[in-house]
Amino acid sequence: MAGTVKPSESTDQSVGFRDVFAVAEYRRLWSATVISELGDQLARVAVVILVYQRTSSAWLTALSYAISYLPAIMGGSLLAVLADRYPRRNVMVSADLLRAILVLLLAIPAMPLVVLYLLLFAVQALESPARAARAAILPQMLAGERYTVGVAAYHVTNQFTYVAGFLVGGLVVVATGPRLAFAIDAATFLVSALIVARLGAYAPAEPERAAKARLRDRVRTITARPRLRWLAMLAMLAAFSMTPLALAVPYGRQIGLDEDLSSLLMAAIPAGYVAGTFVLTRRVRPQARPRLLGPMALASFLPLMGAALVPPLPVMLALLVVCGALTAYQVVANAEFVALVPDEQRGGAIGVVAATLTAVQGLAMVVAGVVAEFAGAGGAIAIFGASGALAALLLLRAAGSRAEVVAG
């Protein structure tokens, strides 16, 4: 297969981040992803702060954050199948170039909110094929435990870009305004495209068969296997735990913080996720990780319930960090899901789950914004924490009552 790079297998315990980054193709893909995502987070903070400054509305602020997730409802999974039909490198480069143009348009002064929302919608729609192509390439680059560690490294750096983007984003936007943030984001897409262009083509295993497959075939791939179906439902739980990101600015205002300091709240969950991922992948044996998925998912929502008390900044930061650390179960669930899907269906299956998760997250953030108008930001976060815990408990019971879920 063109562009495939698979190092020799190693024992589970001997594989580390150094082994993964020894693969040149992985280093390029990782670098391109980090660069573009840093710009994305900077732009996302710019949008949130801009909307709140102009409207002082928790609902519109949550909507501005959620709008980047909503395109998945209207075709994200359909665009993701491009990763199974065309060379995956070409899909990523094309998506980067188109997004660079769209993000530059966001820098136009006095952009009406409706137009801003539409541009954000288009940018996120192009993320679907790029994300599916990127995820589908990883098993072609890395084999065995290297793949799991490679996914973990990707997730760690992804969350690090969230932390850095949110922390720096608040300061940059307050100091210079949002237009510079949008220009930087456009530049990162261009740099990412240049790096990805140096990768191998990574053509899908059976593009002709993928072209004939319909969306329902990819959905059936997931729903027909109990383990895949359970892992997909486990991924959906992230919708509940991500609501604090959409409500960080309103919560900060509720406890008397300036907008730039509210970015600390946005960074807390990603920071905890980084720490949790490191512990889970480097300190827990591979054979033991699958057994921790359900319990960690349930426990991750308990800290969010503390937001009902509207604690001060240090306490709330600690609660969000713990929540983020426990959501690291998503790394293991993601790696197992991708490994179980055949290569010729991988891009489409990843796209279906990613698009569904994105849509659910966006919807959850909109609903959280509405709830915050009546219950306050702290109350809304606590309500979603309790709802997530209930959903996780139901999934745990399903896994315990059906042996085939565990067996796959």
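The values are calculated or read from the model by the stated rules, or taken from the named source; none is laboratory data. Nothing here was measured: the structure is a model prediction, and the numbers come from that model. Note that each Cβ is placed from the backbone with ideal geometry, even for glycine, and that neighbours are counted across all protein chains shown.
A compact table of results
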{"read-out": "Of the criteria (1) at pLDDT 80 or above; (2) over 29 Å from T277 (Cα atoms); (3) of a type in the set (S, T, Y), which one T176 fails", "value": "(1)"}
{"read-out": "Sole residue being more than 13 Å from Q41 (Cβ to Cβ), modelled with pLDDT of 80 or more and either polar (S, T, N, Q) or not in a helix (DSSP H, G or I) (or both), chosen from L199, L194", "value": "L199"}
{"read-out": "Matching residues in the stretch 254-301 - criterion: being in a helix (DSSP H, G or I) and among the β-branched types (V, I, T)", "value": "I269, V274, T277, V279, T281"}
{"read-out": "Residues of the stretch 252-265 satisfying the condition of being surrounded by 24 or more Cβ atoms within 10 Å (Cβ to Cβ) and touching a Ser or Thr at 6+ places or on another chain (Cβ under 9 Å)", "value": "G252"}
{"read-out": "Members of the stretch 156-180 that are under 21 Å from the mean Cα position of the chain (by Cα), surrounded by fewer than 23 Cβ atoms within 10 Å (Cβ to Cβ) and not hydrophobic (A, V, I, L, M, F, W, C)", "value": "T157, N158, T161"}
{"read-out": "Criterion violated by G276 - all others in (1) buried (at least 24 other Cβ atoms within 10 Å of the Cβ); (2) within 30 Å of F374 (Cα to Cα); (3) not basic (K, R) satisfied", "value": "(2)"}
{"read-out": "Subset of the stretch 250-282 [farther than 23 Å from V332 by Cα and aliphatic (A, V, I, L, M)]", "value": "I255, L257, L261, L264, L265, M266"}
{"read-out": "Filter result for the condition that a residue is within 18 Å of A354 (Cβ to Cβ), buried (at least 17 other Cβ atoms within 10 Å of the Cβ), of a type outside the set (F, W, Y) and in contact with a helix residue (DSSP H, G or I) (Cβ under 6 Å, 6 or more places away or on another chain), over A307, A268, A235", "value": "A235"}
{"read-out": "Count of the stretch 271-303 residues which are touching a Gly at 6+ places or on another chain (Cβ under 6 Å) and not hydroxyl-bearing (S, T, Y)", "value": "2"}
{"read-out": "Residue identified as of a type outside the set (G, A, S), modelled with pLDDT of 80 or more, out of contact with any strand residue (DSSP E or B) (no Cβ under 8 Å at 6 or more places or on another chain) and more than 30 Å from F240 (Cβ to Cβ) among V115, V103, V123", "value": "V115"}
{"read-out": "Given (1) among the hydroxyl-bearing types (S, T, Y); (2) closer than 25 Å to P311 by Cβ; (3) under 19 Å from the mean Cα position of the chain (by Cα), number of the condition T277 does not satisfy", "value": "(2)"}
{"read-out": "Matching residues, the stretch 302-339, being assigned to a helix (DSSP H, G or I), of a type in the set (A, V, I, L, M, F, W, C) and closer than 21 Å to A232 by Cβ", "value": "L326, V331, V332, A333, A335, F337, V338, A339"}
{"read-out": "Qualifying positions in the stretch 83-98 - among the small types (G, A, S) and closer than 17 Å to I35 by Cα", "value": "S94, A95"}
{"read-out": "Answer residue from the stretch 210-240, given it is farther than 30 Å from A62 by Cα, among the small types (G, A, S) and in a helix (DSSP H, G or I) and is modelled with the highest pLDDT among those", "value": "A210"}
{"read-out": "Conditions (1) at pLDDT 80 or above; (2) more than 18 Å from Q124 (Cα to Cα); (3) of a type in the set (A, V, I, L, M, F, W, C); (4) surrounded by 17 or more Cβ atoms within 10 Å (Cβ to Cβ); number of the one not met by I49", "value": "(1)"}
{"read-out": "Options R282, R289: the member that is of a type in the set (D, E, K, R) and buried (at least 16 other Cβ atoms within 10 Å of the Cβ)", "value": "R289"}
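Conditions (1) surrounded by 24 or more Cβ atoms within 10 Å (Cβ to Cβ); (2) more than 15 Å from Y26 (Cα to Cα), marked per residue:
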residue	(1), (2)
L106	no, yes
M111	no, yes
V115	no, yes
L118	no, yes
F121	no, yes
S128	yes, yes
Q140	no, no
E145	no, no
